[in-house]
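Student: Below you'll find the structure I mean.
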Amino acid sequence: MVQSTITAYSLIAIGAVGVTVNGFLSCFLLYHLVKQSIHTQKFVYLNLAFADLLFSFVALIIRGPGILEPHMFGTGFLCSITPYIVSYLSKVDLLVIVPITLSIMACTLKGVEACSKKRMLLLCSTSWILPAIYLIVFTIKGAITNDSFKVEYNLQSKRCDFTGSSHKYYLESQKILFFYLPTIICALLYGIITYYLRKYRLSTTQVVLRGIFVTLFYTICWLPFVIISTSYKDQVSQGVYAFSYLLFYLSVLVNPVVYILSSSFFLNKWKAFFNSSSVVEERNGNGGTQGKELRVVGDDIANIDSGFGTTTADMKSLTEDMI
């Protein structure tokens, strides 16, 4: 009972922090994408931040409270859609790493001009469409065959979950299609990128390292839960299972932490923001020039933004700051 309570409150805490940092990062990236002060390649990071934001809501609103109050969703409509929501968002949350890797590869091998808005939108849309198709296929299969695939209330786990004879195939196939396969693809692509950089004696860029770290940390967070939940759930202690479960949801913090710490564009923007704020406060204290100083600070920030143009000539030299 104590262990379940700790797990529940830990999930709620992870969800709250995840909603906060991913919501902030989503707003930051969306704002600068609209202003066109960063390249459209950054859309893939916005895609991941938004997926993490939604998955954080799962931990905050569904999974954590669901452990504290097992019957909170009842056995009706809310109970029946909960497994679909959790399953769909978890697949999207990992699959969006592939577009990041592909965009980094395109920018590295062909230049950032290869990462057009249409291509980025297509890559990101794929990561949301494929999990939906996968769930629809299994649901239809369960409806038209005797190998039922449906949602029922599980008395042992005290929550609604997928059941039926197709459930085993569902777990195995999703493990392969939405964990092992994307991870292997990303590893191979980063291998190609590294080979290209070494072949032409180019230094490993900040963008490539960021992508590698995001993929690596996601794999570390997901691997224990994927293995235990599909193969060894009945053979491990509740403590080990709870730890892998929390680590699984902790993955929602990987992208914002890695991005915020490694992005020179993000750090420069925040330094400029705090510096400009301190200048305004200091000059306003000297009396009567608030409107003038605000205009001066605004011009300074505009000058900073104008340094991140999107012309082809300047793009390659500014890649590190922009993406």
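The values are calculated or read from the model by the stated rules, or taken from the named source; none is laboratory data. The model shown is predicted, which means the values in this text are computed figures rather than measured ones. Note: ideal-geometry Cβ built from the backbone for every residue, glycine included; neighbour counts use all protein chains shown. For the accessible areas, the whole protein counts, side chains as well, though only heavy atoms, and no ligand, DNA or RNA atoms are used. Shrake-Rupley method; radii C 1.70, N 1.55, O 1.52, S 1.80 Å.
Student: Taking into account only those residues within region 250-275 that are open to solvent by 20 Å² or more (accessible area, probe 1.4 Å) and among the hydroxyl-bearing types (Ser, Thr, Tyr), which is nearest to Phe50 (Cα to Cα)?
Tutor: Ser262
Student: Find the residue count for region 29-42, including only residues that are closer than 21 Å to Leu253 by Cβ and buried (at least 21 other Cβ atoms within 10 Å of the Cβ). Don't jump to the end; show me each part of the working.
Tutor: So in region 29-42, the residues closer than 21 Å to Leu253 by Cβ come out as 29-30, 42.
Imposing the further condition that a residue be buried (at least 21 other Cβ atoms within 10 Å of the Cβ) reduces the set to 29, 42.
Count: 2.
Student: Whether any residue in region 51-70 is among the acidic types (Asp, Glu) and not in a helix (DSSP H, G or I) is what I want to check.
Tutor: The answer is yes, given that some residue of region 51-70 is among the acidic types (Asp, Glu) and not in a helix (DSSP H, G or I).
Student: Looking at region 28-41, can you tell me whether even one residue there is closer than 27 Å to Trp270 by Cα, in contact (Cβ under 8 Å) with a residue 60 or more places away in the chain and within 14 Å of the chain's Cα centre (by Cα)?
Tutor: No.
Student: Here's another thing I want to ask about it. Of all residues in region 53-99 being open to solvent by less than 10 Å² (accessible area, probe 1.4 Å), of a type in the set (A, V, I, L, M) and modelled with pLDDT of 90 or more, which is farthest from Thr215 (Cα to Cα)?
Tutor: For region 53-99, the residue satisfying everything is Val92.
Student: Could you list, in sequence order, the residues of region 102-118 that are surrounded by fewer than 18 Cβ atoms within 10 Å (Cβ to Cβ) and part of a helix (DSSP H, G or I)? Break it down stepwise before answering.
Tutor: First, the residues of region 102-118 that are surrounded by fewer than 18 Cβ atoms within 10 Å (Cβ to Cβ): 109-111, 113-114, 116-118.
Of everything in region 102-118, those that are surrounded by fewer than 18 Cβ atoms within 10 Å (Cβ to Cβ) and part of a helix (DSSP H, G or I) turn out to be Leu109, Lys110, Glu113, Ala114, Lys117, Lys118.
Student: Take the residues in region 174-194 that are of a type in the set (Ser, Thr, Tyr) and at pLDDT 90 or above, then tell me which one is nearest to Ser87 (Cα to Cα).
Tutor: Pass one, region 174-194, residues of a type in the set (Ser, Thr, Tyr): 180, 183, 190, 194.
After this cut, where a residue has to be at pLDDT 90 or above as well, the list is 180, 183, 190.
Values: Tyr180: 16, Thr183: 18, Tyr190: 27 Å.
By that ranking, first place goes to Tyr180.
Per-residue answers, yes or no, for (1) farther than 26 Å from Lys42 by Cα; (2) open to solvent by less than 40 Å² (accessible area, probe 1.4 Å):
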{"residue": "Ile176", "(1), (2)": "yes, no"}
{"residue": "Ile184", "(1), (2)": "no, no"}
{"residue": "Ile192", "(1), (2)": "no, no"}
{"residue": "Arg198", "(1), (2)": "no, no"}
{"residue": "Thr219", "(1), (2)": "no, yes"}
{"residue": "Ser231", "(1), (2)": "yes, no"}
{"residue": "Ala242", "(1), (2)": "yes, yes"}
{"residue": "Phe248", "(1), (2)": "no, yes"}
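Student: State whether the residues of region 134-157 include one that is crowded, with 17+ Cβ neighbours inside 10 Å, at pLDDT 85 or above and more than 29 Å from Tyr9 (Cβ to Cβ).
Tutor: Yes, there is a match, as at least one residue in region 134-157 is crowded, with 17+ Cβ neighbours inside 10 Å, at pLDDT 85 or above and more than 29 Å from Tyr9 (Cβ to Cβ).
Student: What are the residue pairs meeting all of these: first residue in region 82-101, first residue without any contact (Cβ under 8 Å) to a residue 60 or more places away in the chain and assigned to a helix (DSSP H, G or I), second residue open to solvent by 10 Å² or more (accessible area, probe 1.4 Å) and of a type in the set (Ser, Thr, Tyr), Cβ atoms under 9 Å, and 6 or more apart or on different chains?
Tutor: Pairs that qualify, where the first residue is without any contact (Cβ under 8 Å) to a residue 60 or more places away in the chain and assigned to a helix (DSSP H, G or I) and the partner is open to solvent by 10 Å² or more (accessible area, probe 1.4 Å) and of a type in the set (Ser, Thr, Tyr), are Tyr88/Tyr134; Pro99/Thr126.
Student: Please go through (1) open to solvent by 40 Å² or more (accessible area, probe 1.4 Å); (2) among the aromatic types (Phe, Trp, Tyr); (3) under 27 Å from Leu109 (Cβ atoms) for Tyr45 and return the number of the only condition it doesn't satisfy.
Tutor: The failed condition is (1).
Student: Let me ask something else about it. Which one is least open to solvent (accessible area, probe 1.4 Å), of the residues in region 200-210 that are of a type in the set (S, T, N, Q) and out of contact with any Asp or Glu (no Cβ under 7 Å at 6 or more places or on another chain)? Explain how you work it out, then say what you get.
Tutor: Narrowing region 200-210 to residues of a type in the set (S, T, N, Q): 203-206.
Of the ones still in play, those that are also out of contact with any Asp or Glu (no Cβ under 7 Å at 6 or more places or on another chain) are 203-204.
Working: Ser203: 91, Thr204: 74 Å².
Among those that are of a type in the set (S, T, N, Q) and out of contact with any Asp or Glu (no Cβ under 7 Å at 6 or more places or on another chain), it is Thr204.
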